[in-house]
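Read through the structure below, which is laid out as structure tokens, and then see the notes.
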Amino acid sequence: MTRTDPIDWTALRTEAHRLAEKAYVPYSRFSVGAAAITSTGEIVRGCNVENVSYGLTLCAECGLISDLVARGAGELEALVVVSGSGEYCSPCGRCRQILIEHAASGALIQTAEGPQRLVDLLPDHFDVTRLEDG
Ligand code: THU
């Protein structure tokens, strides 16, 4: 199934902000929430989950991708990531790679400057075609 409705960015932002309120952030106090509409029309979500062993922290986008795969919800079509203040949050480098693996072609992320293509967040990224070079 492929969704054809226009993207409701306001609803995605509201949902991402709601998720940020659920974040477990006792160490940084920096909450992040993520929400996306997928190719099946489902909404998938994530929030960051920190750990006393700081490097084990799970970013909000990782939680969202886990939700996507567990639901069998297809591919990302439109994504919003916000901090606890509701401002757009730019995904970290690791999350960019993880998001792109599950993005539909033409998938978008909302930014303060407007929607941007997810693939453009990580030019020359490592993808499956590179495995053939080995
Ligand atoms: N964080 C995310 O959840 N996603 C990102 O893309 C950037 C950083 C979280 C990790 C940590 O819990 C907090 O923000 C501060 O780095």
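The values are calculated or read from the model by the stated rules, or taken from the named source; none is laboratory data. In this text the structure is predicted, and so the values were computed from the model without any measurement. Ideal geometry is used to build each Cβ from the backbone, glycine not excepted, and the neighbour counts take in all protein chains shown. Heads up: the accessible areas ignore ligands, DNA and RNA and are worked out on the full protein's heavy atoms, side chains in. Shrake-Rupley method; radii C 1.70, N 1.55, O 1.52, S 1.80 Å.
So Arg3 passes all but one of these: (1) modelled with pLDDT under 95; (2) under 21 Å from Ala112 (Cα atoms). Which condition number does it fail?
That leaves (2) as the condition not met.
Kindly list, by first and then second residue, each pair from a residue in the stretch 94-121 that is at pLDDT 95 or above to a residue that is within 14 Å of the ligand (Cβ to nearest atom) and assigned to a strand (DSSP E or B), limited to pairs with Cβ atoms under 6 Å and residues at least 6 apart or on different chains.
Ile109/Leu79; Gln110/Val80; Thr111/Tyr88; Ala112/Tyr88; Gln116/Ile109; Leu118/Ile109
Scan the stretch 93-100 and tell me whether some residue there is part of a helix (DSSP H, G or I) and of a type in the set (Lys, Arg).
Yes, some residue in the stretch 93-100 is part of a helix (DSSP H, G or I) and of a type in the set (Lys, Arg).
Check whether at least one residue in the stretch 18-31 is under 22 Å from Gly72 (Cβ atoms), in a helix (DSSP H, G or I) and either among the hydrophobic types (A, V, I, L, M, F, W, C) or open to solvent by less than 100 Å² (accessible area, probe 1.4 Å) (or both), and report yes or no.
Yes, that holds for at least one residue.
Picking from Glu132, Glu113, which residue would you name as being among the charged types (D, E, K, R), over 17 Å from Thr38 (Cβ atoms) and in a loop (DSSP other than H, G, I, E, B)?
Result of the check over Glu132, Glu113: Glu113.
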